[in-house]
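This report concerns only the one structure given below.
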Amino acid sequence: MMKPWKKALFAAAMAVLAAVPVTGCSKEQKLTKIRLSEVTHSIFYAPQYVALEKGFFEEQGIEIELFSGEGADKVMSGVLSDTIDIGFAGPEAAIYVYNEGKEDYAQVFAQLTCRDGSFLVGREPRETFDWQELKGKTLLPGRKGGVPYMTLEYVVKQKGLFPGQDVVFDDSIQFSLMAGAFTGGTGDYVALFEPTASAMEQEGKGYILASIGAETEEIPYTAYFAKKSFLEKNSDLVQRFTDAIYQGQQWVAEHSAREIAEVIAPSFPDTDVDLLTTVVERYQQIGVWSEDPVLKEASFDLLQTVISEAGELKQKAPYDQVINTEFAQKAAEKGKK
């Protein structure tokens with residue numbers, strides 16, 4: 001059997017002799033694979049799927065092998081065990097690991113979303129919604145300790161209401177089962193991500209009343225991270241990855257909801273393009289996507305405040321240790337030239 005490198009050499013020689021262009025094959029051979037684990041598969045991460053579908057990673061010489069981590073803790077476990085190269089989840093995962101005192105901890109190097117992407121859904125439509133309507137009611141908030149739960153809790157407190165006193169936070173329902181539980185009669189309100197929230201509204205089973213993300217300042221909701229050792233050993237590769245993400249962010253910022261929906265449609269084959277368009281437009285209206293991958297210190301501080309007030313963080317982590325802005329800043333600078 002001919003060895004792979006001999007096959008490549010033979011093919012190249014034959015191509016030269018026949019004067020047949022082999023640009024496509026050469027490009028494919030140069031691609032470097034990155035194992036990327038995302039916390040979940042969601043339209044909320046549209047710029048990433050634009051980068052995938054538009055070939056921005058390939059242009060940077062990268063092949064993405066995408067995995068669904070199904071939870072920030074699982075994504076981080078994959079990164080720390082070297083079964084995953086880059087993790088994509090909430091930055092809080094990196095904060096927790098840093099506070100554990102690990103020497104080769106994970107650093108966040110690029111931000112994708114800058115607001116909560118969930119929506120408050122009720123049983124009746126409202127032209128205007130007052131958060132005081134939650135008083136005395138039961139709300140399905142998601143998993144206690146998760147960022148969606150903690151952000152919602154923070155917003156409710158900002159509105160002068162206190163979970164457990166003014167409003168019941170029923171966290172007994174698993175995140176993936178909340179929509180079904182709500183339509184089945186559990187709770188008065190539920191916090192849902194898209195496209196579940198819009199689909200429920202289309203079916204007349206629930207109505208979007210408010211954006212949770214619109215009620216806070218910018219907060220680094222989801223970002224990319226990798227072990228310090230990986231960033232140091234693969235700085236050029238990480239830079240090219242970040243450049244591709246930035247291209248996706250810029251493309252999304254410059255195009256309509258319909259155009260974005262049509263591009264990312266292959267990543268969501270079970271979702272109608274019209275529904276995709278509705279979801280993307282809703283996200284555009286509240287500005288969930290960062291226009292560049294630089295994670296700012298002020299938003300990082302807000303994230304830690306939200307986690308601290310939820311009682312899930314005993315010690316805040318230093319921005320300049322957990323966040324590595326080198327790659328994001330270079331990507332943004334290139335884009336401005």
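The values are calculated or read from the model by the stated rules, or taken from the named source; none is laboratory data. None of the values given here were measured: they were computed from a predicted structure. Note that each Cβ is placed from the backbone with ideal geometry, even for glycine, and that neighbours are counted across all protein chains shown.
Among the residues making up segment 261-307, those that are crowded, with 16+ Cβ neighbours inside 10 Å, touching a residue at least 60 places away in the same chain (Cβ under 8 Å) and more than 22 Å from Ile219 (Cβ to Cβ) are Val263, Ile264, Ser267, Phe268, Thr271, Leu275, Leu276, Thr278. Residues of segment 106-156 that are farther than 15 Å from Tyr221 by Cα and among the aromatic types (Phe, Trp, Tyr): Phe129, Trp131.
Yes/no per residue for (1) among the hydrophobic types (A, V, I, L, M, F, W, C); (2) closer than 18 Å to Gly146 by Cα; (3) touching a Cys at 6+ places or on another chain (Cβ under 9 Å):
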position: Ile173; (1), (2), (3): yes, yes, no
position: Ser176; (1), (2), (3): no, yes, no
position: Ala181; (1), (2), (3): yes, no, no
position: Gly184; (1), (2), (3): no, no, no
position: Gly187; (1), (2), (3): no, no, no
position: Val190; (1), (2), (3): yes, yes, no
position: Ala199; (1), (2), (3): yes, no, no
position: Gly204; (1), (2), (3): no, no, no
position: Tyr207; (1), (2), (3): no, no, no
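Within segment 308-337, being without any contact (Cβ under 8 Å) to a residue 60 or more places away in the chain and under 23 Å from Val252 (Cα atoms) holds for Gln329, Glu333, Lys336, Lys337. Only one of the numbered conditions (1) surrounded by fewer than 22 Cβ atoms within 10 Å (Cβ to Cβ); (2) within 13 Å of the chain's Cα centre (by Cα); (3) among the β-branched types (Val, Ile, Thr) is not met by Ile64, and that is (2).
Would you confirm whether or not segment 91-102 contains a residue that is surrounded by fewer than 20 Cβ atoms within 10 Å (Cβ to Cβ), over 21 Å from Leu237 (Cβ atoms) and either under 16 Å from the mean Cα position of the chain (by Cα) or not assigned by TED's automatic domain parsing to the domain that holds Arg258 (or both)? No, every residue in segment 91-102 fails to be surrounded by fewer than 20 Cβ atoms within 10 Å (Cβ to Cβ), over 21 Å from Leu237 (Cβ atoms) and either under 16 Å from the mean Cα position of the chain (by Cα) or not assigned by TED's automatic domain parsing to the domain that holds Arg258 (or both).
Within segment 313-337, can you find the residues that are closer than 14 Å to Ser299 by Cα and either in a helix (DSSP H, G or I) or of a type in the set (A, V, I, L, M) (or both)? Of everything in segment 313-337, those that are closer than 14 Å to Ser299 by Cα and either in a helix (DSSP H, G or I) or of a type in the set (A, V, I, L, M) (or both) turn out to be Ala317, Tyr319, Asp320, Val322, Ile323. It is to be established whether one or more residues within segment 304-312 are outside any helix (DSSP H, G or I) and either among the small types (Gly, Ala, Ser) or outside the structural domain of Glu100 (by TED's automatic domain parsing) (or both). Checked segment 304-312: at least one residue is outside any helix (DSSP H, G or I) and either among the small types (Gly, Ala, Ser) or outside the structural domain of Glu100 (by TED's automatic domain parsing) (or both). The number of residues in segment 31-67 that are more than 22 Å from Arg115 (Cβ to Cβ) and either among the polar types (S, T, N, Q) or touching a Pro at 6+ places or on another chain (Cβ under 7 Å) (or both) comes to 4. Annotation note: Cβ proximity below 8 Å between a residue of segment 224-247 that is closer than 15 Å to Asp82 by Cβ and a residue that is aliphatic (A, V, I, L, M) and surrounded by fewer than 19 Cβ atoms within 10 Å (Cβ to Cβ) (sequence gap 6+ or interchain) occurs for Lys227/Leu80. Would segment 193-206 turn up any residue that is touching a Ser or Thr at 6+ places or on another chain (Cβ under 7 Å) and β-branched (Val, Ile, Thr)? Looking through segment 193-206, none of the residues is touching a Ser or Thr at 6+ places or on another chain (Cβ under 7 Å) and β-branched (Val, Ile, Thr).
None of Gly136, Gly101, Gly164, Gly90 is within 28 Å of Leu231 (Cβ to Cβ) and without any contact (Cβ under 8 Å) to a residue 40 or more places away in the chain except Gly101.
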